[in-house]
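**Student:** Let me give you the structure first, and then I'll get to my questions.
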Amino acid sequence: MTKHANAGTSPTRFLLDEEQIPRHWYNIAADLPVPPAPPLHPGTGAPIGPDDLAPLFPQAIIAQEVSTERWIDIPEPVREVFRLWRPSPLIRARSLEKALGTPAKIYFKYEGVSPAGSHKPNSAVPQAWYNAQEGVKKLSTETGAGQWGSSLAFAGQLFGLDVTVYQVRVSYDQKPYRRAMMETWGARCIPSPSDTTDSGRAVLAEHPDHMGSLGMAISEAVEVAAKNEDTKYALGSVLNHVLLHQTIVGQEAIAQLEMAGDDPDVIVGCTGGGSNFAGIAFPFLGQQLRGEHAARRFVAVEPAACPSLTRGKFAYDFGDTSHLTPLVKMHTLGSTFTPPGFHAGGLRYHGMAPMISHVAELGLIEAQAYHQRACFEAGVLFARTEGIIPAPEATHAIKGAIEEALRCKREGKAETILFCLSGHGHLDMAAYQAYFDGKLVDQDYDEQELAMALSLLPKVG
């Protein structure tokens, strides 16, 4: 445990030693009062088994995907890589509290200290390691803003894997330096939809200038893995094993808040596919489910232009546009839905993680949606008070935390708020410049397109 440099002042940063990196991931499936609905085979409609996933994932990942064990060991070689940036700091946002004039205490877990600048390597490293252990030579994946793609590029380089990343076209154009990061770590980055896959060519034939979506990029990456025996697929969010890997964040936060002598009343995270929110929230929610702690509030904040939790339907749907993936029960806007090209590219996904959707249906979490200008306004206030320029995705969590702090101010309540700052925005400055120039506009999805996408949901008995 690292002590504060000046014992006479109240600490602002709460740091753990490298030896305190968690040795296990937490699996919320072990503590749920009701199990989630099983994934279904896209062809037969029957529950899928491990053999159905074998063309895409290594056996160790498949075992984690279906596990109901509460604690799953983190391999020591993975923990060794984590030492490059973990444990990440927990920081008290004292200047932000002062600017808001709130009696609330605000803490944030800062994941921007990783090599890729976000929380995504927490899953990229173990996924790359498990694939390498099973003799896999190549990985294919998708990415939106590029945080996952750059993270898998970094992890693949560590373990000798060739990585191909399909990046959503609008983000590929908006964020060229994310592409440069991937290429620096040896990955190949292709704008999606592309002419390198059947899935991409089908989209381009109908819409040559399509801006792309995560659902389309997933289709391309899955197709590449399914057609090549030496290639597996790696996913950066949504599935259970990814959420599992991210729980290292919340576990560290529990220990750090104990150091601070504090305990959160409200836990906030941004949500696109759900890995960041699950990472910070699930370990705390597990305490509640096991009867070890009184109920807390868990707030998932999503973009108003892609509001899967607040506007989506809880139903079985495909995770990709071309319907190559299993059917999973989740809050979805429809697999054919294409969100507007707002700057939080990592949150432009039509569905929410099945496990997060499930706990939402159980009433264990709540969701809020905000437009991007309000989120950038919150991000700028945070940067001017706390010094860290947040990624567009992370501004949603900041916005949610600020709203909770202002509620405390109105109600005169000195609650403790914890949020996850999932990554920095150093490669997103074009978006900030657009905001300052008055060119960043709030974008709304097309209600007719949403209705059409929802009408096309698969019929499941």
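The values are calculated or read from the model by the stated rules, or taken from the named source; none is laboratory data. Because the structure is a prediction, the values reported are computed rather than measured. Reconstructed Cβ throughout: ideal geometry from the backbone, glycine too, with neighbour counts over all protein chains shown. Only protein heavy atoms, including side chains, enter the accessible area calculation; ligands, DNA and RNA are left aside. Shrake-Rupley method; radii C 1.70, N 1.55, O 1.52, S 1.80 Å.
**Student:** In what order, largest first, do Glu223, Glu69, Glu18 sit by accessible area if the probe radius is 1.4 Å?
**Tutor:** Values: Glu223 20, Glu69 115, Glu18 85 Å².
Heavy-atom accessible area, descending, gives Glu69, Glu18, Glu223.
**Student:** So, one more: Roughly speaking, to the nearest percent, how much of the stretch 403-450's 1.4 Å accessible area is carbon and sulfur?
**Tutor:** On the way: 1160 of 2450 Å².
Whole-percent figure for carbon plus sulfur exposure: 47.
**Student:** Given Cβ point charges of +1 (Lys, Arg) and -1 (Asp, Glu) and nothing else, what value in debye, to the nearest 20, does the dipole of the stretch 246-308 about its Cα centre take?
**Tutor:** Values: 3 positive and 7 negative charges, 45 e Å.
In debye, rounded to 20, the stretch 246-308 gives about 220.
**Student:** With each run of n ≥ 4 DSSP H residues scored as -39500 (n - 2.57), what mean residue ellipticity at 222 nm is computed for the chain after dividing by its residue count and rounding to the nearest 500 deg cm²/dmol? The partial results should precede the final answer.
**Tutor:** Details: 18 runs with 189 residues, N = 461.
Value at 222 nm, helices only: -12000 deg cm²/dmol.
**Student:** If you don't mind, another one. Roughly what angle does helix 275-289 make with the longest principal axis of the chain, taking Cα atoms, 0 to 90 degrees, to the nearest 10?
**Tutor:** 60 degrees
**Student:** Also, quick follow-up: For Lys109, go through the lysines and keep the ones whose alpha-carbon is under 18 Å away, minus same-chain ones fewer than eight residues off.
**Tutor:** Within reach: Lys3, Lys120, Lys399.
**Student:** Report, in whole Å, the centroid distance computed from the Cα atoms of the stretch 6-83 and the stretch 351-407.
**Tutor:** 23 Å
**Student:** Would you please put 144-150, 234-240, 99-105 in order of how densely packed they are, using the mean number of other Cβ atoms within 10 angstrom per residue and starting with the highest? Please list the in-between numbers first.
**Tutor:** Details: 144-150: 31.6, 234-240: 26.1, 99-105: 17.6.
Order by mean packing, descending: 144-150, 234-240, 99-105.
**Student:** Evaluate E = 1/(1 + (r/R0)^6) for Ala226 and Asp17, where r is the Cβ-Cβ distance and R0 equals 35 Å; express this FRET efficiency to the nearest 0.05. Walk me through the numbers on the way to the answer.
**Tutor:** Working: r = 43 Å, r/R0 = 1.24.
Plugging the Cβ-Cβ distance into 1/(1 + (r/R0)^6) gives 0.20.
**Student:** Just for the chain, what percent of DSSP beta bridges are antiparallel, to the closest 5? Spell out each step's value before the answer.
**Tutor:** Numbers: 19 of 52 bridges.
Of the beta bridges lying entirely in the chain, close to 35 percent run antiparallel.
**Student:** To continue, here is another question. Label Asp73 and Glu377 with points 7 Å out from Cα along Cα→Cβ: what is the distance between them in nm?
**Tutor:** The two pseudo-label positions are separated by 5.2 nm.
**Student:** Hey, another quick one. How tilted is helix 214-227 with respect to the longest principal axis of the chain? Cα atoms for both, answer in degrees (0 to 90, nearest 10).
**Tutor:** 50 degrees
**Student:** I would also like to ask the following. Taking amide H atoms as placed 1.01 Å from N in the peptide plane, list the residues 5 or more away in sequence, or in a different chain, whose amide H sits under 5 Å from that of Val163.
**Tutor:** Leu139, Arg188
**Student:** Tabulate in residue order the Karplus-calculated ³J(HN,Hα) for the stretch 440-454, using 6.51 cos²θ - 1.76 cosθ + 1.60 with θ = phi - 60°, rounded to whole Hz; enter x for Gly and Pro.
**Tutor:** The phi angles translate into 7, 10, 6, 10, 10, 6, 7, 4, 5, 5, 4, 4, 5, 4, 5 Hz.
**Student:** Sticking with this one: Top to bottom by accessible area (1.4 Å), largest first, where do Met355, Met211, Met181 land?
**Tutor:** Numbers: Met355 10, Met211 75, Met181 40 Å².
In descending accessible area the options line up as Met211, Met181, Met355.
**Student:** If Trp71, Trp185 are ordered by their accessible area, calculated over protein heavy atoms with a 1.4 Å probe, which sequence runs from highest to lowest?
**Tutor:** Per-residue accessible area, sorted high to low, gives Trp71, Trp185.
**Student:** Between the helical axis of 240-260 and the dominant principal axis of the chain, each derived from Cα atoms, what acute angle in degrees is found, rounded to the nearest 10?
**Tutor:** 10 degrees
**Student:** Suppose R0 equals 60 Å; then what is the FRET efficiency for Thr184 and Gln448 from their Cβ-Cβ distance, rounded to the nearest 0.05? Provide the component values of the computation, followed by the final result.
**Tutor:** Working: r = 42 Å, r/R0 = 0.70.
Efficiency, from the Cβ-Cβ distance: 0.90.
**Student:** Which of the aspartates and glutamates could be linked to Lys227 by a straight reach, that is with a Cα gap under 19 Å, when you skip same-chain ones fewer than 8 residues away?
**Tutor:** Answer for Lys227, where 19 Å is the Cα cut-off: Asp51, Asp52, Glu134, Glu142, Asp162, Asp195, Asp198, Asp320, listed by chain and number.
**Student:** How would you rank 440-450, 151-161, highest first, on the average number of other Cβ atoms within 10 Å across their residues?
**Tutor:** Numbers: 440-450: 14.4, 151-161: 24.1.
Going from most to least packed, we get 151-161, 440-450.
**Student:** Would you please put 167-180, 252-265 in order of how densely packed they are, using the mean number of other Cβ atoms within 10 angstrom per residue and starting with the highest?
**Tutor:** Values: 167-180: 22.7, 252-265: 17.7.
Put in order of decreasing packing, that is 167-180, 252-265.
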